[in-house]
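Chemist: Dropping the structure in here first, questions after.
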Amino acid sequence: MTPAANEQLGHRIRRYREDKGLTLTQLAENANISKGYISNLENDPDHKRPSAQTLFAIAKALGVSMADLLGEKLLAEPAVEVPTSLEEFAAEAGLPDTDVQMLAAITFRGEHPRTKERWRHIYDAIRMSRTLDE
């Protein structure tokens, strides 16, 4: 992994962590990885590359796939066809593939939402409802 790829990885870890509302300490506890190590991944592009097991633990704690964390496409074909309006919203919002696939499975009375604005509303409602689980 090149220094630029590590930097991108660190940026994605931080973005997903902040999107989920987690502190470094919380992510470290959830992933069972030291806070200092995660901080180094987020901030030091020259830090040694993490193992697959470490990436998996971080991805699992963040609720994203390893492909999302690495900024790569899934190797398998998506199970659900993604409507164009959802693709547009996902590109604008920088959504991870796992979130896009989750949204693509949503229909109301047999139809997908037709506009990216409606997708944004649904996504925001799902994200904001997370506090109801606490």
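The values are calculated or read from the model by the stated rules, or taken from the named source; none is laboratory data. Here the structure is a predicted model, which means the values were calculated and not measured. Glycine also receives a Cβ, built like all others from the backbone with ideal geometry; neighbour counts cover every protein chain displayed.
Chemist: May I ask you to list the residues in region 97-118 that are of a type outside the set (D, E, K, R) and more than 23 Å from residue 69 (Cβ to Cβ)?
Modeler: 106, 107, 108, 110, 112, 113, 115
Chemist: I'd like the full set of residues that are of a type in the set (Gly, Ala, Ser) and farther than 14 Å from residue 70 by Cα, limited to region 15-59.
Modeler: Answer for region 15-59, where residues must be of a type in the set (Gly, Ala, Ser) and farther than 14 Å from residue 70 by Cα: 21, 28, 31, 34, 36, 39.
Chemist: Let me ask something else about it. Report every pair of residues separated by at least 6 positions or lying on different chains whose Cβ atoms are under 8 Å apart, first residue within region 42-66 and assigned by TED's automatic domain parsing to the domain that holds residue 8 and within 14 Å of residue 29 (Cα to Cα), second outside any loop (DSSP other than H, G, I, E, B) and of a type in the set (Lys, Arg).
Modeler: Close Cβ pairs satisfying both conditions: 62/17.
Chemist: Determine whether residue 31 is farther than 21 Å from residue 131 by Cβ, at pLDDT 90 or above, under 17 Å from the mean Cα position of the chain (by Cα) and not hydroxyl-bearing (Ser, Thr, Tyr).
Modeler: yes
Chemist: Would you check if there is a residue in region 125-133 being exposed (fewer than 15 other Cβ atoms within 10 Å of the Cβ) and part of a loop (DSSP other than H, G, I, E, B)?
Modeler: No, every residue in region 125-133 fails to be exposed (fewer than 15 other Cβ atoms within 10 Å of the Cβ) and part of a loop (DSSP other than H, G, I, E, B).
Chemist: Okay, moving on. For residues that are among the basic types (Lys, Arg) and not in a loop (DSSP other than H, G, I, E, B), scanning just region 83-119, find the one that is surrounded by the fewest Cβ atoms within 10 Å (Cβ to Cβ).
Modeler: Only one residue fits best here, namely 118.
Chemist: Is there any pair with a first residue in region 14-30 that is farther than 14 Å from residue 57 by Cβ and not assigned by TED's automatic domain parsing to the domain that holds residue 58 and a second that is in a helix (DSSP H, G or I) and modelled with pLDDT of 90 or more whose Cβ atoms are under 9 Å apart and which are 6 or more apart or on different chains, and what are they?
Modeler: Taking only residues 6 or more apart or on different chains, not a single pair turns up.
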